[in-house]
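What follows is a short report on a single structure.
The values are calculated or read from the model by the stated rules, or taken from the named source; none is laboratory data. Everything numeric here is computed off the predicted structure, so don't read it as measured data. Don't worry about glycine lacking a Cβ; one is built from the backbone with ideal geometry, like all the others, and counts go over all protein chains shown. Heavy atoms of the whole protein, side chains included, go into the accessibility calculation; ligands, DNA and RNA do not. Shrake-Rupley method; radii C 1.70, N 1.55, O 1.52, S 1.80 Å.
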Amino acid sequence: MTKPDELASNLQTSTMRHFNKRLLVVILAGVVLFALRNMWGMNTEGLTSLLTTMSTADYIIARYASLVGAIIWAALYSAFHIFGVAYILSVLTKIPYRQLVPLQVLITGLLLLEKALIFIVFAIKGTTVSLSFLSFGPLAVTILENWYLILFLNQLTLTGALIITLQYRFIRGYVVDGRWRQHLWILIGLHVVMALITAAVAYIPFDKLLNSLFGGGF
């Protein structure tokens, strides 16, 4: 984690010890974290209104369905950041895909640690907000009115800057053609594009879309 350039050098001639176990630990940690957040009530505010419109049994079923959805999303989230981002970086930097996967396992662990820290703070305070205190989101909401821009700036976090640094040092330890500055801009551009996409997805009113699609029920 502290020497990604050394990791890059070592991966060119060997493999990471106990890689499958490390991979499994990260994925399981993500599942447990997302499940705990869901059971505590984080991002489940939309289910509260069901208590006044449906029976208790229906509400319980909805909560279980929400928990299953959170677990599936945790697996997809981890898989994308480990394998999906590794593939994207491989295409952009020409580094072999298999060499980037161990790096992304570490990166995904960092992202989960960030989410765990935010969850712990929310749990202690007994409340949640849609913005991360580790991002530019809280500052943006005080000076901007465009919610999309606020959500975009909310994706630009201290952890993101650390991740870019680790990825850049890894690439510098692997690439020897001197195109380091170009790769730095590629990394920054990739993170900005992903932040724009994430903000757009968060901005989509999925509840209204589903309600329109199914006519208010199944």
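Couple of notes before you dig in:
Table: residues versus (1) under 28 Å from MET42 (Cα atoms); (2) open to solvent by 50 Å² or more (accessible area, probe 1.4 Å); (3) out of contact with any Pro (no Cβ under 6 Å at 6 or more places or on another chain).
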| site | (1), (2), (3) |
| --- | --- |
| LYS125 | yes, yes, yes |
| TRP147 | yes, yes, yes |
| ASN154 | yes, no, yes |
| ILE163 | yes, no, yes |
| TRP180 | no, yes, yes |
| LEU187 | no, no, yes |
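- Inspection of segment 129-139 identifies at least one residue that is assigned to a helix (DSSP H, G or I) and surrounded by fewer than 17 Cβ atoms within 10 Å (Cβ to Cβ).
- The requirement of being modelled with pLDDT under 90, surrounded by 13 or more Cβ atoms within 10 Å (Cβ to Cβ) and either among the hydrophobic types (A, V, I, L, M, F, W, C) or assigned to a loop (DSSP other than H, G, I, E, B) (or both) is not satisfied by VAL201.
- When the residues of segment 75-93 are filtered to those that are open to solvent by 20 Å² or more (accessible area, probe 1.4 Å) and in contact (Cβ under 8 Å) with a residue 60 or more places away in the chain, the one that is farthest from ILE171 (Cα to Cα) is ILE88.
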